[in-house]
Amino acid sequence: MVKIGTIELPEFPLLLAPMEDVSDPPFRRLCKEHGADLMYSEFISSEGLIRDAMKSRQKLDIFDYERPVGIQIFGGDEEAMAMSAKIVETVNPDLVDINFGCPVKKVVCKGAGAGVLKDIDLMVRLTKAVVNSTSLPVTVKTRLGWDEDSINIYEVAERLQDVGIKALTIHGRTRAQMYKGEADWEPIAKVKNNPRISIPIFGNGDIDSPEKALEYKNKYGLDGIMIGRAAIGYPWIFNEIKHFFATGEHLPAPTIEDRVKAASNHLTWSIDWKGERVGVVETRRHYTNYFKGIPHFKEYRQRMVTLDNPADVYAVLDEVLEKFSIVSQ
Ligand SMILES: Cc1cc2nc3c(=O)[nH]c(=O)nc-3n(C[C@H](O)[C@H](O)[C@H](O)COP(=O)(O)O)c2cc1C
């Protein structure tokens, strides 16, 4: 069993990564149903929360069936981070996570996200401010360092543990790498093997198959793994990995029926949560992923991403079911 503060997770848990514009309640519900053990919200701006920005506030929505679930915040100002942690606490998540990994310029420029990888003292102060302002377990997600000449994750891990974080997730890339190249998990394993480190260490970066998950589990000896992109349009990845760990065998691939059901649920739950117009528009970005690899799907996709009336989108999904389940039999 893995413990984050008082939260108990199964042995070698699979975490769903926080992903902006992706990890919202409808998507999280799908991942939960398919085996994610711990999930996070999209990152939320501490300044936005304090300003009471609608968009930031809406990201605080969590539901009991998602538990354990964490809310992720980011920011470069200690006071704002402390205040936003207090706001987060009011919605009673299981933990609060700090984002020190976002490589995007608009975040980094404000000294937030991966920006603090250049200033460990600031990172420690921001973390301390959050830990001191909440009774929730605080976790951190970060990268290896700013660039390959300044890999500082070893010092970062020790110092953040010392100010009270309860788990650390490390994406095996530097800020300079953005999403390029391959994630390097060796430094993550080195953090885990540091005898001074006692908190759970989760690895993140490029896990996209049961084989790779098992290989990395065995090779790096971490406490669990976090999965991001591979879960987009493919929430089945969590149970597929778990089954492979347990049996060495693959679960059957999702059928067309499974895919249609997932896409349809995603749309329904998005409409329930965001309202019809936004729900329809924001689910559009997911269809390609749900139906990846299906030949001659383009025409259907084209219709799904242009129709405004949910009933019409469901009708196309019905057509997809009819047409492609015959083909795949
Ligand atoms: C669309 C997208 C949005 C992301 N948003 C966030 C975010 O809000 N907070 C965060 O810590 N990381 C964010 N990330 C990074 C992921 O959490 C993860 O670290 C990264 O994708 C590597 O994992 P993967 O190879 O399994 O995708 C985002 C990644 C993607 C692709």
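Quick notes
- Some residue of the stretch 211-220 being out of contact with any helix residue (DSSP H, G or I) (no Cβ under 9 Å at 6 or more places or on another chain) and aromatic (Phe, Trp, Tyr): yes
- Among the residues of the stretch 154-190, those that are assigned to a helix (DSSP H, G or I) and crowded, with 23+ Cβ neighbours inside 10 Å comprise Val156, Ala157, Leu160, Ile188.
- Ile120 buried (at least 19 other Cβ atoms within 10 Å of the Cβ), free of Cβ contacts under 8 Å to residues at least 40 places away in the same chain and either closer than 23 Å to Met226 by Cβ or small (Gly, Ala, Ser) (or both): no
- Yes/no for Arg196 being within 11 Å of the ligand (Cβ to nearest atom), out of contact with any Phe, Trp or Tyr (no Cβ under 7 Å at 6 or more places or on another chain) and within 25 Å of Val138 (Cα to Cα): no
- Among the candidates Ser41, Ser23, the residue that is modelled with pLDDT of 95 or more, in contact with a helix residue (DSSP H, G or I) (Cβ under 9 Å, 6 or more places away or on another chain), part of a loop (DSSP other than H, G, I, E, B) and among the polar types (S, T, N, Q) is uniquely Ser23.
- Restricting the stretch 205-215 to residues that are under 18 Å from Glu11 (Cβ atoms) and within 11 Å of the ligand (Cβ to nearest atom), the residue that is surrounded by the fewest Cβ atoms within 10 Å (Cβ to Cβ): Ala213
- Restricting the stretch 83-117 to residues that are part of a loop (DSSP other than H, G, I, E, B), surrounded by 15 or more Cβ atoms within 10 Å (Cβ to Cβ) and modelled with pLDDT of 95 or more, the residue that is farthest from the ligand (Cβ to nearest atom): Asp94
- Filtered residue count, the stretch 14-48, keeping only those that are away from the ligand (no atom under 14 Å from the Cβ) and over 29 Å from Asp206 (Cβ atoms): 1
- Contacts under 8 angstrom Cβ, first residue in the stretch 211-233 being at pLDDT 95 or above and among the β-branched types (Val, Ile, Thr), partner away from the ligand (no atom under 14 Å from the Cβ) and in a helix (DSSP H, G or I), 6 or more apart: Ile225/Lys217
- Residue in the stretch 281-290 that is exposed (fewer than 12 other Cβ atoms within 10 Å of the Cβ), out of contact with any Ser or Thr (no Cβ under 9 Å at 6 or more places or on another chain) and charged (D, E, K, R) present: no
The values are calculated or read from the model by the stated rules, or taken from the named source; none is laboratory data. The model shown is predicted, which means the values in this text are computed figures rather than measured ones. All Cβ positions, even for glycine, are placed from backbone atoms using ideal geometry, and neighbour counts span all protein chains on display.
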